Amino acid sequence: MYDNILLPTDGSEGVERATDHAIETAERYDAALHVLYVVDSDVVNAYSGDEFVHEFEGVEQTLEDTGLEAVGDIAERAASAGVDEVVTEVVHGDPHEEILRYIGDEDIDLTVMGSKERSGDYRRMLGSVTERVARGSSRPVTIVKTSVA
């Protein structure tokens, strides 16, 4: 049923349940698991970097390192669970746009995303990457909710 499953991650604890679900689904369907981290260009561009004394210590490098660690950790978990093929990628750009681009470019059959349960006011003010992807994707998106304490 699924050949390619995408798990976008932001490296937060809120993605844990979605990670478990994506790994279990990839194992069940013998599908490739794609793990994607997007370095948010808005965050990088909004930060002046004045506190950093060396170009390699900037926010962009920090976010990229966080992304590499996040996708690497998930890849290890997936391999330990028996997923045969895991593809990891760290890209730069607007998160929901890059996720939607990846879905099309890599012929993704199912995207599994985490979503933190927040109040309606919070969602109305800020929205979420998960909601934008779910609305913009022409392919199935499974949203796995996580309570925020």
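The values are calculated or read from the model by the stated rules, or taken from the named source; none is laboratory data. Quick caveat: nothing in here was measured; it's all calculated off a predicted structure. Accessible surface areas use protein heavy atoms only, side chains included; no ligands, DNA or RNA. Shrake-Rupley method; radii C 1.70, N 1.55, O 1.52, S 1.80 Å.
Of GLU13, GLU98, which has the most accessible area and how do the rest follow, probe 1.4 Å?
GLU13, GLU98
Quick check: with the 1.4 Å probe, what order do HIS21, HIS34 take by accessible area, largest first?
HIS21, HIS34
Would you tell me the accessible area of SER12, worked out with a 1.4 angstrom probe on the heavy atoms of the protein chains, in Å² to the nearest 10?
30 Å²
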